[in-house]
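Take a look at the structure set out below.
Derivation of every value follows stated rules applied to the coordinates shown; laboratory data play no part. No experiment lies behind these values; they were computed from the predicted model shown. So basically every Cβ, Gly included, is an ideal-geometry build from the backbone, and we count neighbours across all protein chains shown.
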Amino acid sequence: MKKWFLISVILIGIISCQEVEFAQKPKTVISEDQMVEIITDLALYDAAHSVNEYQLRKFDKDINQFLISKYNVDSTLLSQNIAYYNEKYDENLNIYKRVGERIDAKREYFDSIKKISDSIKREKIEKRREDAKLKADRKR
């Protein structure tokens, strides 16, 4: 019984072993800085797509067309480079940390613009109320 169990475990171990294939280095390796820019744009595109797909369609530009025109990178080259960097843990971690920092900076920037915009709207509303009150007082 123990012998069969040991043989079964060994056979399962041998059968389950497989050769791991690593991604080959692409002919054109995209620099880490450019990967940060591309992945940031992809993350922003994905967020915009999930928030309002209809509004995004108005721009009539596919993400692949955008990447080709902006970075001269097609989807095949990008997927090869993503696979390549995924196997390089430290570089990949650094890329995604920088992407997170860039998105956080953009969020802070747009939040500050929204605060300013909201305060301007409040001032306009308050000004309209004051003007309406002055007109009402003049009529009396």
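Taking the fewest neighbouring Cβ atoms within 10 Å as the starting point, the ordered list for 41, 74 is 74, 41.
Rounded to the nearest 0.05, what FRET efficiency is calculated for residue 103 and residue 125 with R0 set to 30 Å and r the Cβ-Cβ distance?
With a Förster radius of 30 Å, E is 0.40.
Sparsely packed loop sites in region 32-140 (the chymotrypsin sites (Phe, Trp or Tyr not before Pro) outside DSSP H, G, I, E and B with at most 12 other Cβ atoms within 10 Å) comprise 59. Residue separation of residue 90 and residue 59 scaled by 0.36 nm, minus their Cα-Cα distance, works out to 7.5 nm of gained length. Say a site is exposed when it is one of the GluC sites (Glu not before Pro), sits in a DSSP loop, and has at most 10 other Cβ atoms within 10 Å; what is then the longest site-free stretch of the chain? It works out to 22-140. Here are some pairs, 70/115; 25/106; 58/115; 58/127; 27/88; which of them have Cα atoms lying more than 25 Å apart in this structure? Violating the 25 Å limit, Cα to Cα: 70/115; 25/106; 58/115; 58/127.
Once the chain from residue 115 to residue 10 is taken as fully extended at 0.36 nm per residue, the excess over their C-alpha distance is 31.3 nm. Label reach from residue 139 (point 7 Å along Cα→C-beta): in region 112-126, amide nitrogens under 20 Å belong to 125-126. Against the empirical curve 2.2 N^0.38 Å, the C-alpha radius of gyration of region 31-113 lands at a ratio of 1.17. Volume per residue for the chain equals 248 cubic angstrom (convex hull of Cα atoms).
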